[in-house]
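Some notes on the structure that comes next.
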């Protein structure tokens, strides 16, 4: 599914990613853990094509297709979805309008038929109920005046409706209380599938109690410093990142 | 500084220009060297349909300035009327319109400025009066041609307890200005004074308003927004004067503009002059680019860049259009604006 090789990326003059390699096969959930400033968010922005993040070396492919040659909306149409650490507020655009516009834009890009309004509303109603989101909220401008927890749930709702293949969750647990975290994790787990892969970026191990990863990678100093099974997350929780930060 | 006089006397020396403080961004004196000959008459039966005509009971047409218009709405009446001011060809002309809404009467006035490709110089002056407790909603679509010079000036007098709502949309011209001056008597009169300018190419749009609060307990709510592209220029001049003794005035002014190209320009002058003590007044003014973070967010969800820009820009001005009370007019205005944002 996602293959990243020797990726180097700069923000401004500063090199943040320094030879990062990663392979996330279909059907698996991989966690990326690391100290603040290790390059976790940079990795998510490089994979989704945000302006200002320049790749200077290396490659990133999705099922063999060069992601770095595509612009952000083309990557989204190929199935790359980023759940933002800080979801944006979109004043004046009702959440339903925004999500339907996104879904139909993706479908158009893939040469599929657009979803008509009634079918879309039915889908949105269903997915919102599963995430315990009040449907009335979807008529309000997206994320405007929503709490941190509501914004994260809206991210998962968009993920559920857009049905991407490659999910990147950037610090999805930040700002969530335990109840909200459980709802969000359930939403994410419901999306686990043999033809989907997930990259869960987190500073704390807590989220991984609810979204169980197949592999855990430590990101330090702009590259993967260690990889292991779920037990690695527990070790990090116990011992911290010092050992890797120093090595980097 | 008198455009109507300059047109009447074919005398460019009377044109307002940059030495006049209120006209320094819309300098007609420096632009129009020779006032064109009077426009040739146009048969008003020969001008087709306007954008609002299916919504109204009657339509008043002033073509190339011919025919003064007087609109009266008597007490107890509730009317929806269209007023169309048309400019055709390369001449000059002036139009005069009087609107009187009697105490307790209601009017929705759907006004359009419709220009062709000619290099006309046009002036319209409107005298609007609202009796005590009268209600008027005035929607203006100013759709002049790229070569036209068009100025509309309205003097509005509110009675006590009157409710006046206005939304002006401008798409610019060689020079285009819609100016509204409102005399606010207080006495609980309510004023909504909104505007949107959507300017592209080399067009110029000027939205100017002056509100004077003379009595107590008056309310003014103003929201103006602009979207300026290419080498276009948008001007917003908003002045609210609260006279001595006009206590408990509540006046809010907001102006926000998006500049979508390096060569576009916005000139804004929001002014509050307050001579009374017990008032609630505020103003906010921002001029900037589209939020790049929001744009990336929309693109990450799969919305292509041009469509994402359109969506965010439409949402930006949608906040103003949503305040139009007349539902049918609101729909027409929304479409009109969308066409000018994607064009």
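Throughout, read-outs are computed from the coordinates displayed, never taken from laboratory work. Quick caveat, the model's predicted, so the values are computed rather than measured. Please note: Cβ atoms are built from the backbone with ideal geometry, for glycine as well, and neighbour counts cover all protein chains shown.
Quick notes on this structure:
- Site pair residue A:13 and residue B:13 shows an inter-label distance of 6.2 nm when each label is modelled 7 Å from Cα along Cα→Cβ.
- Spatial offset of the stretch B:26-85 relative to the stretch B:89-143 amounts to 7 Å, using the alpha carbon center of each.
- Within the stretch B:190-267, antiparallel bridges make up roughly 0 percent of the DSSP beta bridges whose residues both belong there.
- Ellipticity estimate at 222 nm from DSSP helix runs (n ≥ 4, -39,500 (n - 2.57)) divided over chain B, nearest 500: -4500 deg cm²/dmol
- With R₀ fixed at 30 Å, the C-beta to C-beta distance from residue B:20 to residue B:277 puts the FRET efficiency at about 0.40.
- For chain A, the mean residue ellipticity at 222 nm estimated from helices alone is -11000 deg cm²/dmol, where every DSSP H run of n ≥ 4 contributes -39500 (n - 2.57) and the total is divided by all residues, rounded to the nearest 500.
- Axis of helix A:148-162 versus longest Cα principal axis of chain A: the two differ by about 80°, to the nearest ten degrees.
- For chain B, built as a Gaussian network whose Cα springs stay under 10 Å, the top-fluctuating residue of B:122, B:289, B:173: B:289
- Simple spin-label estimate for residue A:163 and residue B:202 gives 5.2 nm between the two label positions (7 Å along the Cα-to-Cβ direction from each Cα).
- Viscosity 1.567 mPa s, temperature 4 °C, Stokes-Einstein D of chain A from Kirkwood C-alpha radius, µm²/s: 70 µm²/s
- With both labels modelled 7 Å from their Cα along Cα-to-Cβ, the residue B:230 to residue B:4 distance reads 3.3 nm.
- Peptide-level mean, for A:81-93, of C-beta atoms on other protein chains within 10 Å: 5
- Shape of chain B, Cα gyration tensor, a/c cut at 1.5: rounded
- Helix A:178-190 axis versus longest C-alpha principal axis of chain A: approximately 80°, rounded to the nearest ten.
- Distance between the C-alpha centres of the stretch B:314-343 and the stretch A:111-128: 26 Å, rounded to the whole angstrom.
- Calculated FRET efficiency, residue A:204 to residue A:130, Cβ-Cβ distance, R0 = 22 Å: about 0.30 to the nearest 0.05.
- DSSP bridge pairs, the protein assembly as shown: antiparallel proportion in percent, nearest 5: 15 percent
- Counts of other chain beta carbons within 10 angstrom of each beta carbon in peptide A:98-105 average 5.
- Listed peptides B:12-19, A:218-225 by packing density, highest first (mean Cβ within 10 Å): A:218-225, B:12-19
- Chain A: angle of helix A:95-109 to the longest principal axis, Cα-based, in degrees nearest 10: 70 degrees
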